[in-house]
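Shown next, in structure tokens, is the structure this report addresses.
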Amino acid sequence: MTPEDYIKREQEIVEAQKAYPGREMGNAYRLWKELRGEKANILVTGDKNIEAVKHTLKEAAKKPCTQPGCDGEMTLESVCGGCVEGKAGFLSKWTCSKCLFRELSKKDFLTWLRELSLTS
Ligand SMILES: [Zn+2]
């Protein structure tokens, strides 16, 4: 599995949850895939390859702080729809762990991850 495959799967899960609200996540995902004639991609916990992919993505979701004079690190997070940021139309944010400077973005978390993992 590549980071690209992993992100694709995450996006499918988001779609599946939208299609079947209230259903258990794994269940919704399997059903969603079945309707498309595809097999659900079940991840095995502790699988070395998957752990490596997760690590790559975690590293891709970091960048040096953009504030002058700060040597902190910013981490990408998704914004929940019910939060103030979410209500204002933002989908993700970079937050510096040192100065707490935040950069809001209208690009969603998975789109960011895909771009970052492809360029890193
Ligand atoms: Zn900072």
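Readers should treat all values here as calculations from the given coordinates under stated rules, not as data from a laboratory. These figures come from a predicted structure and were not determined experimentally. Positions of Cβ are backbone-derived with ideal geometry, glycine not excepted, and every protein chain shown enters the neighbour counts.
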Query raised in the report: Are there any pairs, at least 6 apart or on different chains, whose C-beta atoms fall under 6 Å, with the first in region 62-74 and of a type in the set (S, T, N, Q) and the second within 8 Å of the ligand (Cβ to nearest atom), and if so, which?
Result: 67/99; 67/101
Query raised in the report: Tally time: how many residues in region 80-90 are closer than 10 Å to residue 106 by Cα and touching a Gly at 6+ places or on another chain (Cβ under 9 Å)?
Result: 0
Report summary line: Of the residues in region 86-120 that are over 15 Å from the mean Cα position of the chain (by Cα) and assigned to a helix (DSSP H, G or I), the one that is nearest to residue 2 (Cα to Cα) is 119
Report task. Scan region 86-120 for residues that are more than 12 Å from the ligand (Cβ to nearest atom) and among the small types (Gly, Ala, Ser) and jot them down. Result -> 86, 88, 89, 92, 105, 117, 120
Query raised in the report: What is the one condition in (1) out of contact with any Cys (no Cβ under 6 Å at 6 or more places or on another chain); (2) more than 16 Å from residue 60 (Cβ to Cβ) that residue 99 does not satisfy?
Result: (1)
